[in-house]
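Visitor: Structure in structure tokens, see below.
The numbers here are math on the coordinates, done by the rules we state, and not lab data. Because the structure is predicted, anything quoted here is derived from the model rather than measured. Positions of Cβ are generated from backbone atoms using ideal geometry, with glycine treated the same way; all protein chains shown enter the neighbour counts.
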Amino acid sequence: MSTPRLVKAPISLVYDVANAELHEREYHTLSEADDDAIGQWLKLAKAKGETSESDPVALKLLIELHRKIDNLERLIKNEKSPRIGLSSSAKIKSIGFGYFQLENEDLDKDERYYGRITMPTYPQREIGVFFKAVSTDLAKLEKIHDRDEKEWGAYVTARERVMIRELKGNE
């Protein structure tokens, strides 16, 4: 196998060896992250045409502020996170289309893992992924939701642009 093209990207990952029953449920829950109460209200308002006069950017910012307040409220009430505890964490040093590379060699070759990647985009969110270790530090994404895959691809492209600008600046 040829080495995939990767670009530097500082991203965090928590992961564990994949357990189909346990991790599939969370994986599907993460894809429905917008299905909280405010997300449901917004979908209904859009369906009724009630948001046609609204500024979409301001509306999105307001909804994200509402979600942050909900998170703070859960923290204050000391409510547990709905996320599964994953045993390992790592820093991703570079990414590519369908691949990522860890800073350390923490993976077992050919092992299948489940993980949550914190995307450094706005709004910041976690995406659930199943991946297979190609080597001790290189992983291939095996299962990722369509929306998350598009966001991943857009982030890879943005990082490539940053790298190109840096290279041009060094000339």
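Visitor: Assuming R0 = 41 Å, what is the FRET efficiency of SER52 and ASN104, from their Cβ-Cβ distance, to the nearest 0.05? It would help to have the intermediate numbers written out before the result.
Guide: Numbers: r = 50 Å, r/R0 = 1.22.
Taking R0 as 41 Å, the efficiency between SER52 and ASN104 is 0.25.
Visitor: Run the reach check for LYS132 against lysines, Cα to Cα strictly under 28 Å, same-chain hits fewer than 8 apart removed. What comes back?
Guide: LYS8, LYS91, LYS93, LYS109, LYS140, LYS143, LYS150
Visitor: Let me ask something else about it. Which one of GLY98, GLN40, THR29 has its Cα pushed farthest toward the positive end of the charge dipole of the chain, where Lys and Arg give +1 and Asp and Glu give -1 at the Cβ?
Guide: It is GLY98, whose Cα lies furthest towards the positive end.
Visitor: Still on this structure, please answer the following. Tell me the net charge near LEU107. Cut-off is 10 Å between Cβ atoms, LEU107 excluded, with +1 for each Lys or Arg and -1 for each Asp or Glu. All intermediate terms of the calculation are to be shown ahead of the outcome.
Guide: On the way: positive: LYS109, LYS132; negative: GLU105, ASP106, ASP108, ASP110, GLU111, ASP137.
Value of the local net charge: -4.
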